[in-house]
1. Which ones in the stretch 1-58 are basic (Lys, Arg) and modelled with pLDDT under 95?
2. Just checking, how many residues over the stretch 102-146 are more than 10 Å from ligand 1 (Cβ to nearest atom), surrounded by 18 or more Cβ atoms within 10 Å (Cβ to Cβ) and under 16 Å from Leu79 (Cα atoms)?
3. Looking only at the stretch 12-37, which residues are within 27 Å of the chain's Cα centre (by Cα) and buried (at least 16 other Cβ atoms within 10 Å of the Cβ)?
4. Please identify the pairs in which a residue from the stretch 320-337 that is modelled with pLDDT of 90 or more has its Cβ atom under 8 Å from the Cβ atom of a residue that is aliphatic (A, V, I, L, M) and part of a loop (DSSP other than H, G, I, E, B), counting only partners at least 6 apart or on another chain.
5. Select the helices (runs of 4 or more DSSP H) contained entirely in the stretch 137-203, then report the ones holding at least 3 residues which are under 23 Å from Glu114 (Cα atoms) and in contact (Cβ under 8 Å) with a residue 60 or more places away in the chain.
6. For the stretch 353-370: of the residues being free of Cβ contacts under 8 Å to residues at least 60 places away in the same chain and open to solvent by less than 30 Å² (accessible area, probe 1.4 Å), which is nearest to Ser227 (Cα to Cα)?
7. Quick one: is Ser342 open to solvent by 50 Å² or more (accessible area, probe 1.4 Å) and touching a residue at least 60 places away in the same chain (Cβ under 8 Å)?
8. In the stretch 404-432, which residue that is open to solvent by less than 50 Å² (accessible area, probe 1.4 Å) and within 24 Å of the chain's Cα centre (by Cα) is nearest to Ser378 (Cα to Cα)?
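The values are calculated or read from the model by the stated rules, or taken from the named source; none is laboratory data. Quantities reported herein were computed from a predicted structural model and do not represent experimental measurements. Note: ideal-geometry Cβ built from the backbone for every residue, glycine included; neighbour counts use all protein chains shown. Just the protein is used for accessible areas: all its heavy atoms, side chains included, with ligands, DNA and RNA removed. Shrake-Rupley method; radii C 1.70, N 1.55, O 1.52, S 1.80 Å.
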Amino acid sequence: MKKYYQKEIETASREEIIKMQSEKLIKQVRHVYDNVPYYRKLMEERGVCPEDIRSLEDISRLPFLCKDDLREAYPYGLLGTDLKKCVRIQSTSGTTGKRVVAFYTQKDVDLWEECCARAIVAAGGSDEDVCHVAYGYGLFTGGAGLHGGAHKVGCLTLPMSSGNTDRQIQFMMDMGSTILCCTPSYAAYLGEAMAEQNIRPEENKLKAGIFGAEPWTEEMRRSIEKSLGIKAYDIYGLTETSGPGVAFECEEQSGMHINEDHFYAEIIDPETGEVLPEGSKGELVLTSLDKEAFPLLRYRTRDICILSRKKCSCGRTHVKMTKPMGRSDDMLIIRGVNVFPSQIETVLLKMGYLPNYQIEIDRKNNTDTFDVYVEMSSAQMSDKISDIQKKEKDIETSMRAMLGISPKIHLVPIKSIARSEGKAVRVVDRRKLNE
Ligand code: ADP
Ligand code: ZN
């Protein structure tokens, strides 16, 4: 079985990677300057021209692009090629506001699918596998990306798309799906639904899952691995840079290798924009090194992570990023305290609850209210109100230790919180809704 999809590139030496990145960057800056007036203007405002970019270090002279630029330039303002050369449009999920669209030439689609193919092979995939793609198909990049990658690897591809959980389980069992691709929250739900149908983890043929598109904790990983009887791998990407496959996890399951032949990664201080040294926590900035149709330079992802070049036992040499644990704009400020939904998830899963929860924030009499609804499994249910109240108090105590403030916990019966088929809705912030 192949261990790598593209061994030479995935295990290239540091020098080879730097050489490849420098050459591509110089060409890409020229391509953007010549073809994207929106970005050329930003460069001119900074007094930079393509001749100034002679090596990777010079990248810091280039201006950043952010999501607002994409919204301002919507729909065609950042297009790098003739629309006639484009063969595809995809769009973001719109998690944090108006959707943005991205364009692809055939070459862009091929390179994107290759990135996803690398992720599938890293998760143990080959032409022997049945790859069950339960990411949404359509404008969302999850379905299209993993579908294309599975084809490239030669897997028998099941284009299930999201939803219709009973049919998902039926096909999974009948067709003997071996690799599952979907959001982690949907994977957790599938595990739960299979348990309800009395299908034990050993009874399915699944061996691995490739889950991404939303933040998920280590505790959530262990919980999914147990409920489905698989090894669960993380995958990262965003529509603006093609979709999933910017980075993927290998057998070490300790961070995701960024496909450095296609993306140059930097970490910056989100407040000042200053580039931070390796090992610092900050906002990930990505430069697409060879995209034709939607060639973003220094795109601010708003995802907070850490990069590491520590040697990886899998043999891949590309830099690793930690799981992005929430976006810089995902952070909630409740009564002046910074709270990340991932912290709440960590506490709940550690205490043996299912990853079914919703955070509700509101403002009453000038004070923030902070409520967390948590489902109990059938085993956790109790007829005695005092039992439930005690459990709620216990969770509140652990939350206070983790967050510095304590939410009001409401334990609710199983199935009270709507299940997501794509990205989970963890936060309802009524302060924003009421504005
Ligand atoms: P939207 O920004 O509207 O959700 P996308 O569907 O393009 O649009 O989603 C990309 C975003 O999803 C990323 O910027 C990141 O915040 C999140 N994301 C993707 N993969 C992961 C992952 N493995 N872990 C955490 N967050 C992820
Ligand atoms: Zn590795």
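1. Filtering the stretch 1-58 down to residues basic (Lys, Arg) leaves 2-3, 7, 14, 19, 24, 27, 30, 40-41, 46, 54.
Residue satisfying the conditions is Lys2 alone.
2. Going through the stretch 102-146 one residue at a time, the tally reaches 5.
3. Ala12, Ile17, Met20, Gln21, Ser22, Lys24, Leu25, Gln28, Val29, Val32
4. Final answer for the pair search is Ile334/Ile405; Arg335/Ile405; Val337/Ile405.
5. Details: elements: 141-153, 165-175, 184-196.
In the stretch 137-203, the matching helices (runs of 4 or more DSSP H) lie at 141-153.
6. Residues of the stretch 353-370 that are free of Cβ contacts under 8 Å to residues at least 60 places away in the same chain, as a first pass: 353, 364-367, 369-370.
Then drop every residue that is not open to solvent by less than 30 Å² (accessible area, probe 1.4 Å), which leaves 353, 370.
Details: Tyr353: 13, Phe370: 30 Å.
Only one residue tops the list, namely Tyr353.
7. On the way: open to solvent by 50 Å² or more (accessible area, probe 1.4 Å): no; touching a residue at least 60 places away in the same chain (Cβ under 8 Å): yes.
In short, no.
8. Per the criteria, the residue is Ile417.
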